[in-house]
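Visitor: Take this structure first; my questions come after.
The values are calculated or read from the model by the stated rules, or taken from the named source; none is laboratory data. Since we're looking at a predicted model, the values are computed, not measured. With ligands, DNA and RNA removed, areas are computed over all heavy atoms of the protein, side chains included. Shrake-Rupley method; radii C 1.70, N 1.55, O 1.52, S 1.80 Å.
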Amino acid sequence: MDAVWDGLREFLLSLMRSLKVIVRWMYGSHEIERILYGSFTPEMPYRLETYINTSKQLHTIRSVLKSPSFDINTLYQRIVTLKALHSNSVQHTQYTAPNLRRALEMIQCYNCVVR
């Protein structure tokens, strides 16, 4: 009986992943855009850092993010390039870009103080 439930659970998880990919393809949104959308909140840097640590595409910048002396503009460009974000969209220019830069600044300040 447990094998049936495990199989059903795996099927539902794979179905959810597939639907997530289809929805992203249809609406063109990324998880990082959902994290950074709207007015800036104090939890955005934490959510961004958590997302970067779990993202397969952004694994190359994990060690850079922990350095207290990383360049915000270079890291911003690498994230936009690696995630293939649409930098000319209204959502990006009004919300994603400023919030991403501000979150990176806060992570950098945290690294200088703590690490």
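Visitor: Mind checking which residues of the stretch 36-64 are more than 13 Å from the chain's Cα centre (by Cα) and within 18 Å of residue 112 (Cα to Cα)?
Guide: 42, 63, 64
Visitor: Among the residues of the stretch 76-90, count how many are among the small types (Gly, Ala, Ser) and open to solvent by 60 Å² or more (accessible area, probe 1.4 Å).
Guide: Selection size over the stretch 76-90: 2.
Visitor: Which ones in the stretch 1-60 are at pLDDT 85 or above, among the hydroxyl-bearing types (Ser, Thr, Tyr) and in a helix (DSSP H, G or I)?
Guide: 14, 46, 50, 51, 54, 60
Visitor: Determine whether the stretch 14-30 contains at least one residue that is within 12 Å of the chain's Cα centre (by Cα) and open to solvent by less than 60 Å² (accessible area, probe 1.4 Å). Can you show your working first?
Guide: Step one: filter the stretch 14-30 for residues within 12 Å of the chain's Cα centre (by Cα), giving 29-30.
Going one step further and asking which of them are open to solvent by less than 60 Å² (accessible area, probe 1.4 Å), we end up with 29-30.
The answer is yes, given that some residue of the stretch 14-30 is within 12 Å of the chain's Cα centre (by Cα) and open to solvent by less than 60 Å² (accessible area, probe 1.4 Å).
Residue-wise test of (1) open to solvent by less than 60 Å² (accessible area, probe 1.4 Å); (2) within 13 Å of residue 36 (Cα to Cα).
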site: 70; (1), (2): yes, no
site: 74; (1), (2): no, no
site: 92; (1), (2): yes, yes
site: 97; (1), (2): yes, yes
site: 100; (1), (2): yes, yes
site: 109; (1), (2): no, no
site: 113; (1), (2): no, no
